[in-house]
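Presented below is the structure to which this report refers.
The values are calculated or read from the model by the stated rules, or taken from the named source; none is laboratory data. Treat the numbers as computed from the prediction; the structure is a model and nothing was measured. For neighbour counting, all protein chains shown are included, and Cβ atoms are generated from backbone atoms with ideal geometry for every residue, glycine included.
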Amino acid sequence: MNNPELTWGSTKGARKRASSREKRAALRPRGGGLTALWHLLMLAVGAVWLVPFVWVVRTAFQPPSAAAGSGGAGGWTSWTLANFMHVWEGAPFGRYYVNTALITFGILLVQLLTVTLAAYAFARVRFAGRGLLFALFLAQIIVPPDALVFSNYQVLNQMGLLDTKLGIMLPYFASSFGVFLLRQAFRQLPYELEEAVRLEGCSRLGILARIYAPLCRPVYVSFAIVSVSFHWNDFLWPLIVANSDTNRPLTVGLALFAKSTESGAQWSYVCAATLLVAAPLIAFFLAFQRKFIDSFMHAGLKG
């Protein structure tokens, strides 16, 4: 004998599934021609973006004579790795790699600590003037870092930290963007989780380590991608602070190498050096492309 409740439940579920299918169909572009046109437009945009990169890769593996246009038709068929050897021996890129890794990941480690504590305070700790203080803190997002170069330089000069790795890292130890991103993520978590853990005698730091940090892992990954990409490619501030090869990162070393090439710009050498600088980020992205996209998708939280 049929149960009316089960029949009603199954009918209601079928209606919901049909409604969701209709909504998805309404969101799709109508007509195969419009979809094909959209795909062609995206391919054209991607091709325009890809042209400079392809030119850099091709020139990096070409002899200098072929890259300059004096190699005739052989410029398309002659390939060499001598450009990379010349670049590696012409500048201390090994030292630049070490400096860049220390600066980039040193900043990231400190930022993960500072933004976590600040985001938890703004999200869960009640204190007077919290909203106003958070608004003032977010105001840093609209201030470009280049506008603070002069004041930061004066502070480092007084502290005696010019031409040091710590001097390059110090202005970036706090990130208003990271605080905002994590605060939004922390506010999405049920407060009952924290109350349950606190009843067990766990401290606030324990709550952060056991509850908030593991549940917000995609947000941490998204912030780490942004931070590493920015500081790996940062140029102006390291150029001003670092005056020796002991502390120069890859971007400054690349600029000095391109400036020091004999008889004008040797594009084969410059492109080879550019690939050496960009290769770690490109390889890292290609290896973890899916995780990168997933982390940004999960980081789009409302608050």
(request) Among the numbered conditions (1) touching a residue at least 60 places away in the same chain (Cβ under 8 Å); (2) farther than 28 Å from L215 by Cα; (3) part of a helix (DSSP H, G or I), tell me where G178 comes up short. (result) (2)
(message) Step by step: first the residues of the range 181-211, then only those that are exposed (fewer than 11 other Cβ atoms within 10 Å of the Cβ) and not in a helix (DSSP H, G or I), then the one that is modelled with the highest pLDDT. Which residue is that?
(response) P190
(request) Scan the range 216-243 and report the pairs whose first residue is more than 15 Å from P171 (Cα to Cα) and touching a residue at least 24 places away in the same chain (Cβ under 8 Å) and whose second residue is charged (D, E, K, R) and not in a helix (DSSP H, G or I), with Cβ atoms within less than 8 Å and a gap of 6+ or a chain change. (result) N243/D163
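Hey, can you tell me all the residues within the range 249-275 that are within 22 Å of A224 (Cα to Cα) and either of a type in the set (A, V, I, L, M, F, W, C) or not in a helix (DSSP H, G or I) (or both)?
Our first condition is that a residue be within 22 Å of A224 (Cα to Cα); within the range 249-275, this holds for 249-251.
Within the range 249-275, P249, L250 meet the criteria.
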(message) Only one of T116, T80 is among the hydroxyl-bearing types (S, T, Y), in a loop (DSSP other than H, G, I, E, B) and either surrounded by 13 or more Cβ atoms within 10 Å (Cβ to Cβ) or in contact with an Asp or Glu (Cβ under 7 Å, 6 or more places away or on another chain) (or both). Can you tell me which?
(response) T80
(request) State whether the residues of the range 151-173 include one that is crowded, with 16+ Cβ neighbours inside 10 Å, over 23 Å from A242 (Cα atoms) and among the aromatic types (F, W, Y). (result) no
(message) Out of the residues in the range 195-229 meeting the condition of being among the charged types (D, E, K, R) and within 26 Å of the chain's Cα centre (by Cα), tell me which one is nearest to A283 (Cα to Cα).
(response) R217
(request) Restrict the check to the range 157-172 and report whether at least one residue is of a type outside the set (S, T, N, Q), within 22 Å of V219 (Cβ to Cβ) and outside any loop (DSSP other than H, G, I, E, B). (result) yes
